[in-house]
Every structure is written in structure tokens, then in C-alpha cells.
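Asks: My questions will all concern the structure given below.
The values are calculated or read from the model by the stated rules, or taken from the named source; none is laboratory data. Note that the structure is predicted; figures quoted are calculated from it, not measured. Cβ: placed from backbone, ideal geometry, glycine included. Neighbour counts: every protein chain shown.
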Amino acid sequence: AQTVTQSQPEMSVQEAETVTLSCTYDTSESDYYLFWYKQPPSRQMILVIRQEAYKQQNATENRFSVNFQKAAKSFSLKISDSQLGDAAMYFCAYSSYNQGGKLIFGQGTELSVKP
Amino acid sequence: DTAVSQTPKYLVTQMGNDKSIKCEQNLGHDTMYWYKQDSKKFLKIMFSYNNKELIINETVPNRFSPKSPDKAHLNLHINSLELGDSAVYFCASSQDNRGLSPLHFGNGTRLTVT
């Protein structure tokens, strides 16, 4: 069965600095998709970034980028120039055609941003 | 315009009662989901429907029954509520069930069973 692990329950970063959130996953599938979602205190789930496993190039979205290491089954999220609004719970998630489109989530990492 | 809307936002009820949560999406998506987020914030799939057809049923007690009258709506009915049902329930939708399409989530319903 596919699993997603986020080993950092909490992380902290100074405003304007860079922080990296870790995620590893386990799968025997060759074709799959990886996502990072953000959940601020408002409870809303917001898509941050996604990566298709067959693409070697790491995805980027403005200040957010990923380091996708397929062989190591690692998918970390880097947030550059951290802002107060980045404070939230971040979830790493896995999906594939064989999973019927459902997302399998990690445990989450609570990110705090210090002014 | 809210893309995925679920009601109510908060639901407080007593053990043994029956309650429903409604969900509607206006994105034209084919697939809808129900997720449960527990007190430790762990998110787990409960059900998914694709074009009104049940696709995923993840070992959820029979007390939980989803209903999809059309592909824009997926409601969740819970019978004989128990203390352990207290959680945040999220509805979500995606363009299809092939995995690439990101899920769009509603704002969640916080259910408290006393």
C-alpha cells in the first residue's frame, strides 16, 4: 500500500528566510503524482504545488519549489522569502490512476513564521 | 463564487442522532470525495463518486452513507452518531479520477458529538 510520511511535526522559520519541509513516500507504482497542500487556521485546503512523477524537472510556483528525488522517493517543499501568511499546516499527498484519484496524505507539518 | 460549498460549517449534536452534511460543486467536475480530518489533523479518504457512481469506500462504518443525486452534489448522512465521529469532514472535487487533477476542497464541516 502507498504511504506518505512527513517526519517533521513542526517547523519554524524567520520571516524572509528559506525553509524546507520534508516528505517521503512509499509506492511500487511507476506513474503517480505528488502534491503539497496548505491548511491555514481558516481550515481551507489550498493547493500549493504539484509534481508529475514522469517529469524530471522540479515544479516551481513563485516562492514555492520542490526537490523531487524519484529514486529516493523524496518530495520536499522549499519556501523562499517566507512571509507571515505562509504560517499553516502543510500536507504532502500522493495520487495515481490506480488510486482512483484519491489523495493519500502525510501527517502534516505545522509551519510557524517568526516576524 | 464558491467552487465547492458544504453546509453546515458547524454541527453540534448528541450521541445517537442522525445528521447530514451537504456538498455542492460548480466546477463541472466528474469526481467528488469525502475526507475525514481527525483531532491530530490527519486526513483520510472516506468515499469517492465518479459521475454519481461509487468508486471508493474506505472501510467506513455502515452508519455513514453517501448519496450523489447528480455529479454536482455529494451528501453525507450519518446515523446513530458516536463520540468518535467528532471530526472535521471535507468535501472535495476533481476533474476526473485519474490522479493528475488536483482536488478542490470545501471549507469543511466541524462535527461535534456530545
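Asks: Go through region A:12-35 and report how many residues are buried (at least 17 other Cβ atoms within 10 Å of the Cβ) and more than 15 Å from residue B:100 (Cβ to Cβ). So that I can check it myself, show each step before the final result.
Replies: The initial filter retains those residues of region A:12-35 that are buried (at least 17 other Cβ atoms within 10 Å of the Cβ), namely A:13, A:19, A:21-25, A:27, A:32-35.
The next check asks that each one be more than 15 Å from residue B:100 (Cβ to Cβ); those that pass are A:13, A:19, A:21-25, A:27.
Matching residues across region A:12-35 total 8.
Asks: Now a separate question. With B:52, B:41 as the choices, which residue is charged (D, E, K, R) and within 24 Å of residue A:91 (Cα to Cα)?
Replies: Values: B:52 fails: within 24 Å of residue A:91 (Cα to Cα).
Exactly one of B:52, B:41 is charged (D, E, K, R) and within 24 Å of residue A:91 (Cα to Cα), namely B:41.
Asks: Tally time: how many residues in region B:76-111 are within 14 Å of another protein chain (Cβ to nearest Cβ) and either closer than 25 Å to residue A:42 by Cα or among the charged types (D, E, K, R) (or both)?
Replies: Here is the first cut: in region B:76-111, the ones within 14 Å of another protein chain (Cβ to nearest Cβ) are B:87-111.
Those left that are additionally either closer than 25 Å to residue A:42 by Cα or among the charged types (D, E, K, R) (or both): B:87-96, B:98, B:101-111.
The number of residues fulfilling the criteria is 22.
Asks: Here is a list: A:7, A:65, A:42. Which entry is surrounded by fewer than 19 Cβ atoms within 10 Å (Cβ to Cβ), within 21 Å of residue B:33 (Cα to Cα) and free of Cβ contacts under 8 Å to residues at least 24 places away in the same chain?
Replies: Working: A:7 fails: within 21 Å of residue B:33 (Cα to Cα); A:65 fails: within 21 Å of residue B:33 (Cα to Cα).
Residue meeting the stated conditions: A:42.
Asks: Return a yes/no flag: does region B:77-85 have any residue that is surrounded by fewer than 21 Cβ atoms within 10 Å (Cβ to Cβ), modelled with pLDDT of 95 or more and out of contact with any strand residue (DSSP E or B) (no Cβ under 9 Å at 6 or more places or on another chain).
Replies: yes
Asks: Would you check if there is a residue in region B:65-75 being at positive phi, more than 10 Å from every other protein chain (Cβ to nearest Cβ) and not β-branched (Val, Ile, Thr)? So that I can check it myself, show each step before the final result.
Replies: We begin by selecting, within region B:65-75, every residue at positive phi; these are none.
No, region B:65-75 contains no residue that is at positive phi, more than 10 Å from every other protein chain (Cβ to nearest Cβ) and not β-branched (Val, Ile, Thr).
Asks: Oh, and also: Show me the strands (runs of 3 or more DSSP E) entirely contained within region A:1-114 in which 1 or more residues are in contact with a strand residue (DSSP E or B) (Cβ under 9 Å, 6 or more places away or on another chain), among the small types (Gly, Ala, Ser) and more than 12 Å from chain B (Cβ to nearest Cβ).
Replies: Numbers: elements: A:3-5, A:10-14, A:19-21, A:24-26, A:33-39, A:46-52, A:64-69, A:74-79, A:88-95, A:109-114.
Fully inside region A:1-114 and qualifying: A:10-14, A:64-69, A:74-79, A:109-114.
Asks: Now, a different point. Would you confirm whether any residue within region B:33-50 is more than 14 Å from chain A (Cβ to nearest Cβ), modelled with pLDDT of 95 or more, surrounded by fewer than 21 Cβ atoms within 10 Å (Cβ to Cβ) and on the phi < 0 side of the Ramachandran plot?
Replies: So in region B:33-50, the residues more than 14 Å from chain A (Cβ to nearest Cβ) come out as none.
Checked against the condition, which is being more than 14 Å from chain A (Cβ to nearest Cβ), modelled with pLDDT of 95 or more, surrounded by fewer than 21 Cβ atoms within 10 Å (Cβ to Cβ) and on the phi < 0 side of the Ramachandran plot, region B:33-50 yields no hits at all.
Asks: Of all residues in region B:63-81, which are over 19 Å from residue B:95 (Cα atoms), in a strand (DSSP E or B) and aliphatic (A, V, I, L, M)?
Replies: Matches in region B:63-81: B:76, B:78.
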